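Enquirer: Below is the structure I would like to discuss, written out as structure tokens.
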Amino acid sequence: MIFRPGTAVWVEHPDLAWAEAEVVSSPASPSSPSSVNVVLSTGVKAVVDGRKVLPRDTEADLGGVDDMTKLVYLHEPGVLCNLARRYTLNEIYTYTGRILIAINPFAKLPHMYDMHMMEQYRGVQFGDLSPHVFAVADSSYRAMVSENRSQSILVSGESGAGKTETTKLIMRYLTFVGGHATGDIRSVEQQVLESNPLLEAFGNARTVRNDNSSRFGKFVEIQFDKSGRISGAAVRTYLLELSRVVQISEAERNYHCFYQICASGQDADKYRLAHPRNFNYLNQSHVYELEGVSEAEQYLKTRRAMDIVGICFSDQEAIFRTVAATLHLGNIDFSPGKEFDSSVIKDEKCKFHLQMAADLLMVDASLLLSTLCYRTIKTPEGNIVKAVDSSAAVIGRDTLAKTVYARLFDWLVDNINKSIGQDMESRSQIGVLDIYGFECFKYNRIRILLQTSIAISLML
Ligand SMILES: Nc1ncnc2c1ncn2[C@@H]1O[C@H](COP(=O)(O)OP(=O)(O)OP(=O)(O)O)[C@@H](O)[C@H]1O
């Protein structure tokens, strides 16, 4: 693009992402035909790559526009500048056509979500009022009723962007407009929310961006009868990040339940647990505590959530036995055996953890050990038992820990659904997909690459 001198432009900036500038001359020199001489709004002169210069609308409203399709230039700096202008005025929501962009306010805004606000958005045409998450929920509800078709709302964004909070707000609004068919005092929203501490204890962890990051995808399905009243709900979870059970990066943590059980006092003693620094699955990062969080209190909260969901005492005991067993399992280490490519348990300490893991899982300790140190290969002539080296034994141990944890999580979700009450014959549903947040690191692991590509393909 050729820019005439005096043209208002955006130029890429290492700290600000984009900076306001004005073209002085273009091209800067015959030897570099694509570069442009600009002067930034700070007065600094610069020569920039003309391919990274974008036009700027000098007449744009200083308060921003509520729908970005109204922008003269719908490019990255235009969008960012508009969102920033609105955010300065405490407008955290902006539309781009039917898409709602929400900026995390990191502050409580009760007036934004109270009953009065819900009344205001009820039945109002999308776009008639200021952008709001209730407008999205309302238009979805009305489309479901008038078209008699199920709807879904996709909530996506970076880790810590506010997806889970937004999902809760959508549920609150749907409960408000949909009521409950059976007149149950505990609303579906309440029931789904009451199960949250439980899901969070087992499926949330600290990441670099969020102390309470959901490490699983969640599809909350609100079911409606033919008159548009809520008749049930279900929570479907998927893609729990299992690698976290056995491997964590510095500054992150494993799932909350592990720290909670270590701080549970008598229960921790019963399961022969100690401070998290003593367990291989927890001490790969040195973050053991979260600011303002008492793990002992959280443990009681998780127990209470289990009571609410209707998990009986003996099942609760079995759940925490499994969690404790996972920690002991992670402390079983191996040394090379006498024979080539074989392994043996490393020392007395490891033998203690093996015995504990076996007792808690209610399996035979020597059988557990041989399962980890040997592999059975099925052949047409019969089974061949082959020893494995110590690194393969460690992989086997970690796979076992991840599998046990995955089964435990699925079992919990099944119980939550039984407690909430699904309507198998519902007429239509509104599904809210809270896809788990992607993270941007300098070097992204394959998991993050896959997560991000799923999030992007769902958005398209
Ligand atoms: N609308 C909002 N109003 C007030 N605070 C908010 C809002 N949205 C998010 N927050 C704040 O941001 C924090 C992180 O939000 P949330 O847990 O919803 O992020 P997330 O996108 O679900 O993250 P992750 O993908 O890591 O699970 C919340 O604990 C809350 O403090």
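The values are calculated or read from the model by the stated rules, or taken from the named source; none is laboratory data. Every value quoted in this text rests on a predicted model; they were computed, and no experiment measured them. Because the Cβ atoms are built from the backbone with ideal geometry, glycine has one as well, and the counts that use them run over all protein chains shown. Remember, those area values only see protein heavy atoms, side chains included, never the ligands or the DNA or RNA. Shrake-Rupley method; radii C 1.70, N 1.55, O 1.52, S 1.80 Å.
Enquirer: Taking only the range 328-348 into account, find how many residues are farther than 30 Å from Lys270 by Cβ and of a type outside the set (Gly, Ala, Ser).
Expert: The total comes to 5.
Enquirer: What are the residue pairs meeting all of these: first residue in the range 135-163, first residue within 16 Å of the ligand (Cβ to nearest atom), second residue polar (S, T, N, Q) and open to solvent by 20 Å² or more (accessible area, probe 1.4 Å), Cβ atoms under 8 Å, and 6 or more apart or on different chains?
Expert: Sorted first by the residue in the range 135-163, then by its partner, the pairs are Val155/Thr166; Ser159/Asn210; Gly160/Asn104; Gly160/Asn210; Ala161/Asn104; Gly162/Asn104; Lys163/Ser156; Lys163/Ser214.
Enquirer: If you don't mind, another one. Could you run through the range 63-81 and say how many residues are in a helix (DSSP H, G or I) and more than 23 Å from Leu154 (Cα to Cα)?
Expert: Qualifying residue count, the range 63-81: 4.
Enquirer: So in the range 250-274, with the set limited to residues that are in a loop (DSSP other than H, G, I, E, B) and of a type in the set (Asp, Glu), which one is farthest from Glu289 (Cα to Cα)?
Expert: Glu250
Enquirer: While we're looking at this one, here's another question. Just to be sure, is Ser231 among the hydroxyl-bearing types (Ser, Thr, Tyr), closer than 22 Å to Ile170 by Cβ, touching a residue at least 60 places away in the same chain (Cβ under 8 Å) and out of contact with any Leu (no Cβ under 6 Å at 6 or more places or on another chain)?
Expert: So Ser231 fits the description; yes.
Enquirer: Another question, then. Determine which member of the set Leu400, Leu450 is surrounded by 18 or more Cβ atoms within 10 Å (Cβ to Cβ) and either hydroxyl-bearing (Ser, Thr, Tyr) or modelled with pLDDT of 70 or more (or both).
Expert: Within the list Leu400, Leu450, the selection yields Leu400.
Enquirer: Looking for something assigned to a strand (DSSP E or B), open to solvent by less than 50 Å² (accessible area, probe 1.4 Å) and either within 16 Å of the ligand (Cβ to nearest atom) or assigned by TED's automatic domain parsing to the domain that holds Thr88 (or both) - is there at least one such residue anywhere in the range 112-120?
Expert: Checked against the condition, which is being assigned to a strand (DSSP E or B), open to solvent by less than 50 Å² (accessible area, probe 1.4 Å) and either within 16 Å of the ligand (Cβ to nearest atom) or assigned by TED's automatic domain parsing to the domain that holds Thr88 (or both), the range 112-120 yields no hits at all.
Enquirer: Now for a separate question. For residues that are open to solvent by 80 Å² or more (accessible area, probe 1.4 Å) and farther than 22 Å from Thr166 by Cβ, tally how many sit in the range 60-110.
Expert: Number of matching residues: 7.
Enquirer: Here's something else I'd like to know. Would you point out the residue of the range 372-391, among those that are aliphatic (A, V, I, L, M) and out of contact with any Leu (no Cβ under 9 Å at 6 or more places or on another chain), that is least open to solvent (accessible area, probe 1.4 Å)?
Expert: Ala387
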